[in-house]
Amino acid sequence: MAAAGASSYSIVEYFGGEDGYRCGYCKNETGNFSRGMWSHTMTVQDYQDLIDRGWRRSGKYVYKPIMNKTCCPQYTIRCHALRFQPSKTHKKILKKMNKFLSKGEMPAGQCDGEPMDLHCGDGAPRDGPKAHSFEVERPVFTETSVQEAAPKAAKSETPLQEPAPSPSVRGPTATPKPGVGADPNRPQCRKAKELRKERRLQKEQLKKQEGGAPSGPTPTTALSPQAKTLEEFVVESLPDNAIHNLEVRLVRSNPPSSQFKASFDASYQVYKLYQMAIHKDPPDKPSESQFRRFLCDSPLEAETAPDGPDCGYGSFHQQYWLDGHIVAVGVIDILPNCVSSVYLYYHPDFARLSLGSYSALREIAFTRQLQKQSTKLCFYYLGFYIHSCPKMRYKGQYQPSDLLCPETYTWVPLEHCLPKLENSPYARLNQDPNAGEVNVLKNLGQVLVLHRRSVMPYAIYARKRKGSGDEQEVQQYAGLVGQSCAERMLLYRA
């Protein structure tokens, strides 16, 4: 990958985090615990590896919940975008939007969307600890750093890819209810389409039992002729006399593109209305500077690759323009293996269109579109799944999906995790008792640090700075990011 006008290093300051703060889910004033670091700059591969170890960003602040200590454990969740098929509820939401666009009919009653917005900040502090105000420059490589640090920094290990779990096939689970005709013991008449679907599911289940589950993602073209794809629902043709026109525009937020700059104020005004109406913020809280820090600033460098998507990697806003006005914005990161959802905000006047769910479905379709350009980009990350908070379980409706085991950093199908999470908010999800942590820290001396604009392994730094007393902190940091990232990222040392 090639970075646009920046060094190829991630530069971070680690802050740890021992004190509890207010939980956005159960409202415990001091029950939320996480480790955090301020990222001055970060490569997309490093961030991909970090979120695959339970990290997540809020602006430039990158944090990791202390899973066995926090009041509401937050499990990283990903959806297999290629194998996703919309549920009945998802189809209703897509049809509701199309009906609104074609006929101008706004659904009646209260919003039937999520109790909390789909892409919320997941309880993270919106502003991390204040970082040192030094300017990040291209590191100066001393003789020591060139000979000893550079080879280690250049080493890049391919992240462990878990085999994709087989799709969960739901066959008939109960005998049809008796009818009310002449013979009450006979089942009710059923539609031919329903019977065909049932026979197809039975065949798939039989094949699965005989030949084993497929080891990789099933292409979208493998869907049965009867099944309508997500894309077909999204781009359902509207009549020529449709009342409304909806356009989704992808604009790069870091570095800001000309389109992003031109639409910044309109986008901010929607955010301000959203925060006041949905999160009950006072008018002065959603300030422009807070909006920039929270949803516009990003540590991710803009990167491109020969086998990557045409739009490149990094941080973007997906703007939903209705009749020439922004009505919603999805903040996303495009990474080597996934599209990662950061946040979603929308104009409160359109809350009844279930824009949280609608935008998630559009982002899954967008992931599938990018996968055609970059084969390994096939997952959609929805942030954190919080089973102990019933309002946050809806993310599990985007199937098939996996949760990240907080002890081994391996992916486990959601349906295998639910029985454990019913028993305890925190659980080791990997059922293999002998499985160990993926990419465990093995050599503290090889952790890269940035000291006085020079890059060096921690072993060299420790010899130069005898009595610095930071070994425990560096050990904690390296253990949380893993050996590979610790040997690539630069840990700033004052």
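List, please: which pairs have Cβ atoms under 7 Å, are six or more places apart or on different chains, and start with a residue in the range 407-421 that is in contact (Cβ under 8 Å) with a residue 60 or more places away in the chain and end with one that is surrounded by 18 or more Cβ atoms within 10 Å (Cβ to Cβ) and in a helix (DSSP H, G or I)?
L414/G396
Could you check how many residues of the range 422-443 are free of Cβ contacts under 8 Å to residues at least 24 places away in the same chain and touching a Gly at 6+ places or on another chain (Cβ under 9 Å)?
0
Starting from the range 229-252, take each residue that is over 10 Å from N98 (Cα atoms) and list its partners that are among the small types (G, A, S) and in a strand (DSSP E or B), counting only C-beta distances under 8 angstrom and pairs at least six apart or across chains.
Listed by first residue and then by second, the contacts come to R252/G314; R252/S315.
Among the helices (runs of 4 or more DSSP H) lying completely within the range 442-494, list those that include at least 3 residues that are among the charged types (D, E, K, R). I'd like the intermediate steps shown before the answer.
On the way: elements: 458-464, 471-481, 483-486.
Here the list is empty.
Within the range 50-66, does at least one residue satisfy the condition of being assigned to a helix (DSSP H, G or I) and either modelled with pLDDT under 95 or touching a Ser or Thr at 6+ places or on another chain (Cβ under 8 Å) (or both)?
Taking every residue of the range 50-66 in turn, at least one turns out to be assigned to a helix (DSSP H, G or I) and either modelled with pLDDT under 95 or touching a Ser or Thr at 6+ places or on another chain (Cβ under 8 Å) (or both).
Determine whether L404 is aliphatic (A, V, I, L, M), surrounded by 23 or more Cβ atoms within 10 Å (Cβ to Cβ), closer than 22 Å to R83 by Cβ and at pLDDT 95 or above.
Against the criterion (aliphatic (A, V, I, L, M), surrounded by 23 or more Cβ atoms within 10 Å (Cβ to Cβ), closer than 22 Å to R83 by Cβ and at pLDDT 95 or above), L404 qualifies.
Residue by residue through the range 202-260, note down the ones that are of a type in the set (S, T, N, Q), surrounded by fewer than 16 Cβ atoms within 10 Å (Cβ to Cβ), at pLDDT 90 or above and under 27 Å from the mean Cα position of the chain (by Cα).
S258, Q259
Among the residues in the range 19-33, are any part of a strand (DSSP E or B), out of contact with any Asp or Glu (no Cβ under 6 Å at 6 or more places or on another chain), farther than 15 Å from F384 by Cβ and touching a residue at least 24 places away in the same chain (Cβ under 8 Å)?
yes
Please go through (1) at pLDDT below 95; (2) assigned to a helix (DSSP H, G or I); (3) crowded, with 18+ Cβ neighbours inside 10 Å for N439 and return the number of the only condition it doesn't satisfy.
(2)
Here's a check for you: in the range 407-421, which residue that is surrounded by fewer than 24 Cβ atoms within 10 Å (Cβ to Cβ) and among the hydrophobic types (A, V, I, L, M, F, W, C) is farthest from Y25 (Cα to Cα)? It would help to see each step written out before you state the result.
Keep residues of the range 407-421 that are surrounded by fewer than 24 Cβ atoms within 10 Å (Cβ to Cβ), which gives 407-410, 412-413, 415-416, 418-421.
From what's left, among the hydrophobic types (A, V, I, L, M, F, W, C): 412, 418, 421.
Values: V412: 24, L418: 19, L421: 17 Å.
Taking the candidates together, the pick is V412.
Scan the range 67-77 and tell me whether some residue there is aliphatic (A, V, I, L, M), buried (at least 18 other Cβ atoms within 10 Å of the Cβ) and in a loop (DSSP other than H, G, I, E, B). If you could, list the steps in order and put the result at the bottom.
Initially, the range 67-77 is screened for residues aliphatic (A, V, I, L, M), giving 67, 77.
When the remaining residues are screened for being buried (at least 18 other Cβ atoms within 10 Å of the Cβ), the result is 67, 77.
Subsequent filtering for residues that are in a loop (DSSP other than H, G, I, E, B) retains 67.
Yes: the range 67-77 contains one or more residues that are aliphatic (A, V, I, L, M), buried (at least 18 other Cβ atoms within 10 Å of the Cβ) and in a loop (DSSP other than H, G, I, E, B).
Only residues in the range 56-74 that are under 22 Å from S289 (Cβ atoms) count as the first member; pair them with residues that are at pLDDT below 95 and not charged (D, E, K, R), Cβ under 6 angstrom, at least 6 apart or cross-chain, and list the lot.
As it stands, the answer is S58/G121; S58/A124; Y61/G128; Y63/A124, since those pairs meet every condition given.
The values are calculated or read from the model by the stated rules, or taken from the named source; none is laboratory data. Keep in mind it's a predicted model, so treat the numbers as computed, not measured. Glycine also receives a Cβ, built like all others from the backbone with ideal geometry; neighbour counts cover every protein chain displayed.
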